[in-house]
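Working notes, structure below.
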Amino acid sequence: MFTGLVSSTGIVERNEPTPTGRRLVIACAEAIDRIRCASIGDSIAVDGCCLTVVSNVDHLVAFDVVAQTLSLTTLGELAPTTRVHLEPALRFGDPIGGHMVQGHVDGIGTIEWLRHFDGVRLRVHVGSTLVQSMIERGSVAIGGVSLTLTSVDSSAGTIEVALIPETCRRTTLGDRVQGDRVNIEADFMVKSRR
């Protein structure tokens with residue numbers, strides 16, 4: 001489990017094909033100690049997708065990503081030098097400040113726009129099926145970032161969120177442009193009621 005409070009970012013070093021999918025290697029030199037010290041078998045959310053550490057040498061953390069995960073997420077599209085969100089799994093006693101995030105991406109959304117008025121607003125097209133698991137003022141994880149839904153348009157299949165300056169500073173969301181694809185995870189509490 002995760003909270004959706006992105007603790008750090010890393011830079012994609014390599015994203016190479018393997019017989020079972022891809023090997024994703026992320027440089028974590030600036031990441032928090034828990035990621036730099038991650039052990040083989042630990043879980044880390046990368047852009048909201050729960051992955052298992054298979055290697056951690058000289059601040060290069062590697063993950064094997066299987067075909068099914070590649071088909072449901074944006075991880076296969078990550079090019080070298082791309083900045084990604086990182087969050088280590090919760091440990092017993094950790095504070096929960098965002099919302100409970102499983103790291104099981106429900107689908108891919110497409111950025112429709114990012115506007116700077118009354119703060120920063122972001123609209124994402126999530127499609128007619130996924131939008132049914134969203135409620136206004138409910139939670140959503142976009143690229144693994146816990147956010148509150150400010151608007152849900154079921155007929156258009158879109159959601160909107162407001163980004164505070166601290167979120168823009170700590171994450172890549174403020175740098176997104178129209179057409180960018182992002183991993184989406186609906187709040188599992190809402191999904192369980194539908």
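Points worth noting:
- The strands (runs of 3 or more DSSP E) located wholly in region 40-103 that include 2 or more residues which are within 27 Å of MET189 (Cβ to Cβ) occupy 43-46, 49-57, 83-88.
- Checking every residue in region 108-119 against the condition of being in a loop (DSSP other than H, G, I, E, B) and either in the same structural domain as GLY21 (by TED's automatic domain parsing) or buried (at least 21 other Cβ atoms within 10 Å of the Cβ) (or both) gives zero matches.
- Answer residue from region 58-93, given it is surrounded by fewer than 18 Cβ atoms within 10 Å (Cβ to Cβ), of a type outside the set (A, V, I, L, M, F, W, C) and in contact (Cβ under 8 Å) with a residue 24 or more places away in the chain and is nearest to SER7 (Cα to Cα) among those: ARG83
- Qualifying residue in region 1-10 (condition: more than 17 Å from the chain's Cα centre (by Cα), of a type outside the set (D, E, K, R) and over 22 Å from ARG181 (Cβ atoms)): no
- Evaluation of GLU13 against the conditions (1) in contact with a Leu (Cβ under 7 Å, 6 or more places away or on another chain); (2) at pLDDT 95 or above; (3) of a type outside the set (Val, Ile, Thr); (4) assigned to a loop (DSSP other than H, G, I, E, B) shows that the sole unmet condition is (4).
- Top-ranked residue of region 124-136 - restricted to ones that are under 19 Å from the mean Cα position of the chain (by Cα) and either in a helix (DSSP H, G or I) or free of Cβ contacts under 8 Å to residues at least 40 places away in the same chain (or both), ranked as nearest to ALA186 (Cα to Cα): SER133
- All conditions in (1) out of contact with any Lys or Arg (no Cβ under 9 Å at 6 or more places or on another chain); (2) buried (at least 16 other Cβ atoms within 10 Å of the Cβ); (3) not assigned by TED's automatic domain parsing to the domain that holds ILE44; (4) not in a loop (DSSP other than H, G, I, E, B) hold for GLU166, with the sole exception of (2).
- The listed residue being farther than 23 Å from MET1 by Cα and either modelled with pLDDT of 95 or more or not polar (S, T, N, Q) (or both), out of GLY174, GLY143: GLY174
- Test for ALA29: is it in contact with a Gly (Cβ under 9 Å, 6 or more places away or on another chain) and either of a type in the set (S, T, N, Q) or surrounded by fewer than 17 Cβ atoms within 10 Å (Cβ to Cβ) (or both): yes
The values are calculated or read from the model by the stated rules, or taken from the named source; none is laboratory data. Model, not experiment: these values are computed from the prediction. Every residue, glycine among them, receives a Cβ derived from its backbone with ideal geometry; neighbour counts consider all protein chains shown.
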